[in-house]
Structures are given as C-alpha cells and as structure tokens.
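Reviewing the structure listed below.
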Amino acid sequence: MFPLSNPYPTTALDAASSEATLYDFIIIGGGTAGCVLANRLSEDPAVKVLLLERGDARTEWTARVPLMSTNFMGNESAAYRWPATLPVGTDRTLSLVTGKGLGGGSSINSMQYTRGSPKEYDLWSQNGRQGWGYAEVEPYFKKSEQFVNASVPAHHHGTRGEWKVRDMGELYFPTAKCCAEACTALGLPFAKDLNDPATPLTVCAKLDCTIDAGGHRSSTFTAFLPQRLVEKRKSHLHICTGAAVTALDLDVDSNGQPSVQGVAFQANEPGSKVWHARAKKEVILCAGAIATPQILLLSGIGPEANVKKPLKKELSGVGQNLQDHMATGIMYSVPSDQSLHIMQSSRLRAVIELLRYIAFGEGLFLSPVTQLSILVDSALIDDEGHVIPQDTTKPARLPNLELMAVGLMRPQSRGSVSLASPDPLQRPACELGFLSNPADLAVMRRGIRLAKRIGEKMRELGAPLKDLYMPESETDADLDAFVRKTVRTTYHYGCTCRMAPESDAGVVDDELKVHGIAKLRIADCSVIPEMMSTHLQAPAVMIAEKCADMIKREHSSA
C-alpha cells in the first residue's frame with residue numbers, strides 16, 4: 001500500500017459544531033471500537049453521525065506494515081504515553097500507553113485476534129448480564145471478521161466482515177517451534193486455533209492476527225472507515241480529528257433525569273475555543289478504559305469526591321476497578337538469526353526482508369511479535385512449576401496466566417482513574433494498583449516457575465537458550481522481589497465503567513446505557529465486568545458491533 005494521493009476526508013471543528021447541524025448520534029473516540037460504531041450507525045443515509053477523535057488519521061505507508069507499525073514507542077503521532085504509579089512501597093513508575101488517532105490501539109498493537117473462551121461470556125451471563133452469553137455474542141464476532149487465508153474457514157470464523165484476520169502459517173523461528181514441543185512434553189496440549197470454541201482452556205496455541213491477504217495491518221480504521229467509504233458517506237458521516245472532548249453537555253429532561261444534549265470539544269491546544277455539537281438521539285462514549293471515565297468525571301458524573309464540579313450524577317463506579325494484564329518475564333538470549341534482531345545485526349538482511357515484503361507481502365516485516373499463546377490455570381502448576389494433569393471430573397477453570405511474558409490474566413488487584421487536573425487536555429491520574437492484593441504474587445510465582453521449566457525443556461530439545469535475566473532463585477522471597485522489580489503493563493486496560501447494577505459499582509446496564517443518564521451509552525473495554533483471560537482487541541470490536549445493533553433496534557422502533 002502506498003500513501004494516499006488525496007487527503008483523508010475530515011470535517012473541521014467549526015463545521016462539526018454548526019448551528020444548522022443536528023446529529024442523530026455523536027461518537028466520542030475513533031479508536032478500536034469507535035471506528036466500528038461509526039461505520040455501522042452511518043449505514044443508513046438518513047442517519048447523521050459525528051465521530052470525534054482527538055488524534056489524527058494516520059495514512060502513511062509505515063502505519064500498515066505489521067512490524068514497523070507495532071514499534072510505536074517514541075512516535076508521538078501514534079500513542080499517548082504518560083506515567084502511572086504503583087502501590088508497592090517503591091518509587092517506581094510505569095508508562096501508560098494508549099492508541100492515538102483513528103483506529104486507536106488496533107493501529108499500533110501486536111495484531112493478535114483472540115476472542116476468549118466461550119466460558120468468559122457464559123460467566124457474564126451467569127452473573128446477570130442478559131444478552132452476553134457466548135451464543136449471543138459469537139454472531140457479532142463473526143459479523144466483523146473476514147478470515148482471509150483458508151479456502152473453507154472453520155465454522156466459528158466469519159467470512160464476510162470488514163476486519164481481515166489470518167492464520168500466520170508455520171511458526172517463524174525454530175525457537176517458537178521448540179517452545180510448542182516443550183509445552184506438549186510438559187503436559188500442555190497444542191492447538192492450531194486459539195479461537196476455536198473447542199480449544200482447551202489450558203493450552204499452547206497459535207494466534208490469529210489482524211493482517212490482510214496483502215500483508216497489511218488491518219486496523220479498525222482501515223477496515224471500517226477506509227477513505228472510499230467515508231467519501232461516499234460524507235453527507236451524513238462527519239469525522240472530526242484533532243478534537244479533544246472537554247465535557248458532555250447535560251440538561252434535565254421532563255422526568256427530572258440528567259440527559260445528554262451534545263458534546264463540548266476543542267482543538268488540542270491550550271486556550272482553544274470550545275465548540276459544541278448537538279445529538280438528537282444518543283451520544284456514545286468509545287474513548288477507552290482511561291479516557292472514557294475521564295470524560296465522565298469532567299462532566300460531573302462519577303464519585304462525588306472525584307468529579308469536576310458541579311456534580312451532575314453520583315455514580316460511584318466511574319474510574320474505579322481499573323484492571324490490566326500485568327506481566328513480568330524471565331529472559332533468554334538466542335542467536336540473532338533465530339529472532340527479529342537479525343535485521344539489526346545485518347543491514348543487508350534488513351534490506352532483503354524489506355524487499356521481500358514490498359514485492360511479495362512476506363518475510364520478517366510481516367511477522368507479528370508473537371505467534372504463540374500459552375494459557376494456564378495456575379491451580380494446575382505445582383510448587384516446582386510442573387503441570388498437574390487436569391481432573392476431568394471437575395469443570396475446567398479459566399486460565400489466570402498467559403506465558404508470552406508471564407502475564408496475570410485475572411488479577412485480584414484493582415486500580416483507578418481520576419482527574420489529575422480539571423483541564424481536559426491533561427492526561428488523567430492512573431493508579432494501576434499492581435500487586436496491591438498479595439494473592440496476585442502467588443499466581444505470578446507459579447507462572448515464573450512454569451516458564452523456567454519450559455525453558456529447561458527447550459534446552460533438552462536442542463534450543464540454544466542462554467540465561468539473560470532471571471530471579472536470584474526460586475524461593476518465594478526471590479520471586480516476589482523479581483516480580484516487584486520487573487512488573488509492567490501490557491496495555492490491556494479495562495473495567496473502569498463496568499457493566500453491572502449501580503448498586504454493585506456498575507456504570508452501564510446490559511444495553512450499555514449509563515445508569516441515570518438519558519441518551520448516553522459506553523461501548524469500549526471500560527464496560528467489561530471483570531478482566532478477561534484474553535487480549536481485548538477482538539472483544540472491543542464485538543462490544544461495538546453489539547452496541548450498534550442495540551441502538552438500531554431501539555431507534556427503528558421508536
């Protein structure tokens with residue numbers, strides 16, 4: 001793909017706020033979920049939609065090269081980056097990173113397409129989330145997906161959606177193949193498709209990736225809002241980039257309930273004029289698990305002690321319950337020709353690989369950073385790090401560990417999002433909460449021990465691994481110290497506006513409507529009730545698809 005010859009069609013801030021313009025729907029945030037929602041709600045030419053995105057439309061060629069677009073650190077146009085604190089009795093800080101621009105995280109992430117086990121969603125249903133069992137959400141996964149490189153995809157894959165997903169074929173490096181063999185030898189079954197509903201919960205599995213048949217990253221921006229579609233719908237779909245939302249415009253309806261009338265926004269520059277756009281039917285927040293609660297707090301919606309005054313609606317769950325897949329990792333070194341570092345050590349190899357990619361859409365520039373996921377229930381790991389056979393008389397539990405790094409998938413620790421400043425241009429204060437619950441350390445210890453057993457087995461099978469960064473020993477004290485020293489975010493933020501009753505610190509109901517606020521929904525990873533044992537990109541798109549369907553049904557019958 002080469003740079004576009006014409007600029008991507010966007011609407012100026014003043015035009016989006018024209019007094020003559022009344023939108024049916026206003027979408028806040030053009031990230032992973034927002035692009036999907038903008039596409040679906042604008043399918044009807046009689047429906048007028050405004051999408052407000054703080055970042056830009058990144059259309060440069062490198063933004064679609066899988067390997068190059070994943071390297072977002074230091075690229076201010078691709079991501080927001082700011083410090084968060086850790087409550088572990090140290091002065092460590094970590095950087096939070098969220099996607100910036102149309103497509104959000106789907107434009108910069110590792111492109112892993114993982115839905116999660118059906119048990120995830122059936123658990124939501126069992127806990128009272130009506131309409132969210134796996135049988136009810138699977139059609140939305142399939143609706144968005146177009147599985148591109150199988151003549152007859154499995155029944156659980158979609159074939160007609162906009163979002164391209166592919167099997168990446170054979171594992172790229174010998175060490176990856178050896179890792180899969182080591183897992184099998186240690187009692188972890190191997191699966192070729194992690195998204196198959198029949199795949200075991202504890203497993204070593206290949207990952208599907210959001211890469212199209214031509215070898216380009218398939219973000220939700222390029223999939224759902226391509227230039228040709230936006231130009232075709234320009235009369236009723238307006239995409240306004242560089243628009244920082246300052247607050248929701250609220251009024252009181254005839255029932256005495258706060259009601260969203262529209263949105264206030266400005267350019268990304270201090271002192272810029274504040275504009276207003278009006279929504280006839282609904283405003284949908286899709287700004288992500290960090291920015292969505294920030295916008296609610298700026299609008300006077302949330303815990304009374306945390307909101308920008310005046311308080312419009314006391315809603316205790318806003319910004320609370322922040323969860324992430326915190327991770328740590330032991331490290332081995334391998335020969336450079338068995339890793340992506342071969343392109344750093346050999347300029348000639350890098351040039352050859354780039355030419356392979358440009359000419360044929362193959363090679364290392366196509367390579368995702370990771371091709372395997374090892375998911376494990378820590379209850380199946382003994383004190384020495386060995387896998388215990390599953391008791392088949394008992395139901396399998398959802399995994400709480402993923403070994404890419406050693407990642408905690410179902411943390412007990414909780415963090416929060418709050419206002420660092422009443423200035424909407426400032427990033428919010430984020431307390432990640434990592435390791436605030438000591439139960440998480442016990443799970444991480446088992447994960448590290450299992451990772452070491454896998455490494456040892458790989459050496460037995462001939463892998464040239466050398467210890468690079470390891471704990472001092474495998475005592476509990478040394479493992480705990482190692483985790484505290486190395487813990488990091490995996491950028492999988494969720495649960496800050498969770499779907500639950502208001503009495504249970506919930507922010508939205510089962511139709512994603514904000515409790516006590518008329519004409520307002522949320523459709524992003526902030527609504528996830530509890531952190532999932534999977535990466536969040538595919539669930540975010542499913543949530544947007546289901547939200548769009550619920551909105552259409554409600555307003556078509558109105």
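Compute the distance from the alpha-carbon center of segment 7-56 to that of segment 236-272, in whole Å.
Cα centres, segment 7-56 to segment 236-272: 12 Å.
Give me the net charge for the shell around THR241: Cβ to Cβ below 9 angstrom, other residues only, Lys and Arg +1, Asp and Glu -1.
-1
When a/c is below 1.5 the answer is rounded, else prolate if a/b is larger than b/c, else oblate, so apply that to segment 22-133 with a ≥ b ≥ c taken from the square roots of the Cα gyration tensor eigenvalues. Kindly include the intermediate steps, with their values, before the conclusion.
On the way: a/c = 1.74, a/b = 1.12, b/c = 1.55.
Judged from the Cα gyration tensor, segment 22-133 comes out oblate (a/c at least 1.5, b/c at or above a/b).
Determine the dipole magnitude for segment 479-534: charges of +1 sit on the beta-carbon of Lys and Arg, -1 on that of Asp and Glu, nothing else is charged, the reference point is the Cα centre, and the result goes in debye to the nearest 20. Kindly include the intermediate steps, with their values, before the conclusion.
Values: 7 positive and 8 negative charges, 75 e Å.
So the dipole magnitude of segment 479-534 works out to roughly 360 debye.
How high is the relative contact order of the chain, in percent, counting Cα pairs under 8 Å that sit 6 or more residues apart?
Answer for the chain is 21 percent.
Taking the Cα centre of the chain as the origin and placing charges on Cβ (Lys, Arg +1; Asp, Glu -1), which of ALA63, THR184, ALA287 is farthest toward the positive end of the dipole?
ALA63
Where a ≥ b ≥ c are the square roots of the eigenvalues of the C-alpha gyration tensor, would you call segment 210-336 rounded, which needs a/c under 1.5, or, failing that, prolate if a/b is larger than b/c, or oblate? Let's see the in-between values first.
Numbers: a/c = 2.40, a/b = 1.32, b/c = 1.82.
It comes out oblate by the Cα gyration axes.
State which entries of LYS309/LYS552; LYS119/LYS313; LYS119/LYS192 exceed 25 angstrom in Cα-Cα distance in the structure shown.
LYS309/LYS552; LYS119/LYS313
Could you give the length gained by full extension between ARG459 and ASP251, i.e. 0.36 nm per residue of separation minus their alpha carbon distance, to one decimal place?
68.3 nm
Lone cysteines in the chain, defined as no other cysteine's Cβ under 4.7 Å from theirs: which are they?
That list is CYS35, CYS178, CYS179, CYS209, CYS240, CYS286, CYS430, CYS495, CYS497, CYS525, CYS547.
Report the Cα centroid-to-centroid distance between segment 391-409 and segment 461-525 in angstrom, as an integer.
Rounded to whole Å, the Cα centres lie 15 Å apart.
Find how much the distance from ALA477 to GLU170 grows on full extension, using 0.36 nm per residue of separation minus their present alpha carbon separation; answer in nm with one decimal.
106.5 nm
Hey, what angle do you get for helix 32-41 against the long axis of the chain, alpha-carbon based, 0 to 90 degrees rounded to 10?
Relative to the chain, helix 32-41 is tipped by roughly 40 degrees.
Place a +1 charge on the Cβ of each Lys and Arg in the chain and a -1 charge on the Cβ of each Asp and Glu, then give the dipole magnitude about the Cα centre in debye, rounded to the nearest 20.
The calculation lands at about 980 debye.
What does the helix-only formula give at 222 nm for the chain: each DSSP H stretch with n ≥ 4 adding -39500 (n - 2.57), the total divided by the residues, and the result rounded to the nearest 500 deg cm²/dmol?
-7500 deg cm²/dmol
Under 18 Å between alpha carbons, and skipping anything fewer than 8 positions from LYS164 in its own chain: which lysines qualify?
In chain and number order, the partners are LYS142, LYS143, LYS206.
What order, most packed first, do the peptides 11-21, 281-291, 295-305 have when packing is the mean number of other Cβ atoms within 10 Å of each residue?
Packing proxy ranking, top to bottom: 281-291, 295-305, 11-21.
Just need the relative contact order of segment 285-356 here, percent rounded to a whole number, with Cα pairs under 8 Å and 6+ apart.
17
Among DSSP beta bridges whose residues both lie in the chain, state the antiparallel percentage, nearest 5.
65
Determine the gain in length on full extension of the stretch ARG553-ASP337; use 0.36 nm per residue of separation and subtract their C-alpha separation, reporting nm with one decimal.
Answer, rounded to one decimal: 72.3 nm.
Residue farthest toward the positive end of the dipole of the chain, with Cβ of Lys/Arg at +1 and Asp/Glu at -1: which of SER259, MET409, LEU366?
Ranked along the dipole, the leading option is LEU366.
Sort 489-499, 352-362 for me by packing, meaning the mean count of neighbouring Cβ atoms within 10 Å per residue, highest on top.
Highest to lowest by the protection proxy: 489-499, 352-362.
Using only Cα atoms, tell me the angle between helix 134-144 and the longest principal axis of the chain; keep it within 0 to 90° and round to the nearest 10.
80
No value in this document is a laboratory result; all are computed from the given coordinates. Quick caveat, the model's predicted, so the values are computed rather than measured. Virtual Cβ from ideal backbone geometry, glycine too; neighbours counted across all protein chains shown.
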